[in-house]
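Data first, discussion second: the structure below is written as structure tokens.
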Amino acid sequence: MYLIRTHRTFSKLKTILSRHYSQAALVDQNEYTETPEYPPILDMSIPGRKLRERQIIHEKIKKLNTVEEKQMALNMPRYYGWPCVMLHEDKVPYNAMPLVQCYTRTHFIPSEKLPDSYADNTSTAEEITKEVKSFIEDAVCIESEGVDREVLLSTDKSELSQKENAVAKCIVKQINRIICNNLTDKVPHILSSQVDFEPRHEAFWFVGGVDIPTSVRLWRQKYKCYEERMDENVDRPVQYKGTPLLTLRNKLPLKPIIPYSEAKNPDFKVPKFTYAPNNIGYFQEFRHGTNIPGYWPGDYDEFGVLSYHGRGHILDRKDTFGPEDNLEALHCQAMKASFGWLLAQANFQGFTTYNDITYPLVTQTVITNGQLWSFYAYQLNTIVMHNEQMDENPKHNICFGTKPMKLYDNIENGKVNGLNEEVLKMLVQFYLNSPEEREHDLKPFLGKEEQIVADIEDDKKRCWLESRYKHLVSNRPKHFLEPEVYLWEKIYKIKFDTRYHEKKRRPFELDINPYKRRLDEHLPPYIPKVLRPYPRSKKKFETTYYPDV
């Protein structure tokens, strides 16, 4: 039986024929089940719908094949970048320990020695310490007093702290060279490891459970749908930036310090910090979120082994902070540096701030000025800390840390006095901690054939994604300036509506938030007619390959 219908909107179109089937013919006998199956009951409230929308986006990011596309997907909602809380490695305000522990979800364990997992190489470390002791004494003496160096000073740090970091960098280079040369024929992973000098370390993630900013509260007061959600917490984007003095990395990851199952131990405690970060001294900056562990995707040596960091910023802190807060500042620096480096490595393995890691990652961190040395062992167990998981996620990251210890007492008449072999032995134990192969898949959320953009066979797509990704992580300013509300507009149009005869043209007058412009909301490059496909083509703009999220 046929039914003849006419299109309502376009009457000139031909009539549409559709066939009417009987209801009995449409029923498939295989659809019957012994027990009734009901569709899931969905939460149709506004928070429930918003949660499902976010979960769909998280699942789309998880299914992307390449590392670069996942990183671009994290920045897709913001054309001008995220208002990131900036955590710099060498900027630690007063009483920052609770915020750093909360934002990195780290349980800190103070210790006078290294964890028990280092006990196996104690005897070997003692023998190597005796072999390299005299060479390190000469290197420390020469780099500390035997070289008259000129330091290119910058304006954002004091001259004293920059000179201390410069001396520490030279000492660290010599000590790393001496120990590596001695261990090359003893442990195989040293020869295959790669050394980086002052690499670029950056990490980006979201932290939930934070009190809403005043601007968000004022915006919510305009809409009735937010009456019951006025105090609902928001996600805060966090960006870490650091530059170590020296790093070692290998093709294999370090073995875990504690079993991965112990990450859910209820004895591990992390303070909850819900206040605005500017109350402590951390401020916001609009930028794209970047995850860079010191190398580009596809590098062979992609797991960190050891990193050295300077402590010159301690000299710039006020005397009123006291020695206890200075010690906490070193712990904060180690937690930020360790978490940031491991998080960037995890992103290059296919994990993101929305898709948690399936195995632990470990790194070793040393903070020194050449004479004082602090040792830290950090295990990354989780990277998911956004609003839905901040209170529900039972896993914590673990950091073992020591107090600053003197490598030597002083230098007199060209000789080092009182070299502490225990400190040198702990450093050698970090080098002896060898990476091991894992029995599980290290990249479960990446594609099988395409894991990085270089694996894509389509030339246009590969070149476009490579160029766009490099431009994104460079954080260069946009071609047009960011939208701005001028001071006279705040006074005469926002706070006091005295210019009501003027036509409403500005975004805030049209209830538009320009900062919510998506990354792909722009005009693609124009294709001149002479360069279009022959003979005729109506395609005026080049194809873009943004991830579908």
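For segment 158-438, dividing the convex hull volume of the Cα atoms by the residue count gives 162 Å³ per residue.
3J(HN,Hα) along segment 135-141, derived from phi through the Karplus expression 6.51 cos²θ - 1.76 cosθ + 1.60 where θ = phi - 60°, amounts to 5, 5, 4, 5, 5, 5, 5 Hz, with x in place of Gly and Pro. If a spin label sat at a point 7 angstrom from the Cα of T544 along the line to its beta carbon, the backbone N atoms of segment 426-470 nearer than 14 Å would be those of 464-465, 468-469. Secondary structure note: in the chain, about 80% of the DSSP beta bridges are antiparallel.
Considering only the Cα atoms of segment 248-314, their convex hull presents on average a projected area of 8.3 nm². Summing charges over all other residues whose Cβ lies under 9 Å from the Cβ of N250, with Lys and Arg as +1 and Asp and Glu as -1, gives 0. Each label was represented as a point 7 Å from its Cα along the Cα-to-Cβ direction; for R229 and H440 these points are 3.4 nm apart.
Each of Q71, M44, N121 was scored by the projection of its Cα onto the charge dipole of the chain, and the greatest displacement toward the positive side belongs to M44; charges sit on the C-beta of Lys, Arg, Asp and Glu.
Using the Cβ-Cβ distance between E59 and K318 with R0 set to 35 Å, the FRET efficiency works out to roughly 0.15. Computed over the chain, relative contact order equals 24 percent, with contacts defined as Cα pairs under 8 Å that lie 6+ residues apart.
Cβ crowding within 10 Å ranks T274, T155 as T155, T274, fewest other Cβ atoms first. Distances between placed amide hydrogens fall under 5 Å for H309 paired with L245, V366, I367, T368, all partners being 5 or more residues away or on another chain.
Applying Stokes-Einstein at 10 °C and 1.306 mPa s to the Kirkwood radius of segment 373-465, computed over alpha-carbon pairs, gives a translational diffusion coefficient of 84 µm² s⁻¹. The alpha carbon convex hull volume per residue for segment 275-365 rounds to 155 Å³. Taking amide H as placed 1.01 Å from N in the peptide plane, the amide H of R287 sits under 5 Å from that of W82, C84, each at least 5 places away or on another chain. Taken one residue at a time, the phi angles of segment 40-48 give Karplus couplings (6.51, -1.76, 1.60, θ = phi - 60°) of x, 8, 9, 7, 8, 6, 4, x, x Hz. Gly and Pro are set to x. When W219, W205, W488 are arranged by Cβ crowding within 10 Å, least crowded first, meaning fewest neighbours, the order is W488, W219, W205. Computed from phi, the 3J(HN,Hα) profile of segment 500-506 under the Karplus parametrisation 6.51, -1.76, 1.60 (θ = phi - 60°) reads 6, 7, 6, 6, 7, 10, 6 Hz, with x in place of Gly and Pro. Does segment 82-178 classify as rounded, prolate or oblate by the C-alpha gyration tensor (a ≥ b ≥ c root eigenvalues; a/c under 1.5 gives rounded; else a/b over b/c gives prolate, otherwise oblate)? Taking the square roots of the gyration eigenvalues as a ≥ b ≥ c, segment 82-178 is oblate. Where q = 0.11, 0.21, 0.22, 0.23 Å⁻¹, what log10 of I(q)/I(0) comes from the Debye formula for segment 175-254, counting one point per Cα? Cα-only, vacuum Debye calculation for segment 175-254: -0.56, -0.99, -1.04, -1.08. All C-alpha to C-alpha distances of the chain, sorted into 10 Å bins beginning at zero, yield P(r) values of 3, 14, 23, 22, 17, 10, 6, 3, 1, 0, 0 percent in whole numbers.
Only helices enter the 222 nm calculation for the chain: every DSSP H run of n ≥ 4 contributes -39,500 (n - 2.57), and dividing by all residues gives -9000 deg cm²/dmol, rounded to 500.
Which net charge results when you count Lys and Arg as +1 and Asp and Glu as -1 among the other residues whose beta-carbon is under 14 Å from that of T358? After counting each charged neighbour, the total is +1. Taking Lys and Arg as +1 and Asp and Glu as -1, the other residues whose beta-carbon sits under 11 Å from that of F286 total +1. By a straight-distance test (C-alpha under 26 Å), which lysines pair with K538 as possible cross-link partners, with residues fewer than eight away in the same chain excluded? Leaving aside lysines fewer than 8 places away in the same chain, those within reach of K538 are K460, K461, K529.
Pairs exceeding a 19 Å alpha-carbon distance, out of K470/K540; K130/K186; K478/K516; K60/K448; K130/K251: K470/K540; K130/K251.
Ranked by how many other Cβ atoms sit within 10 Å of their own Cβ, fewest first, the residues F197, F541 fall in the order F541, F197.
Just so you know, all these numbers are worked out from the coordinates, no wet-lab data involved. Just so you know, these numbers come straight off a predicted model, no measurement behind them. Neighbour counts run over all protein chains shown; Cβ positions are idealised from the backbone, glycine included.
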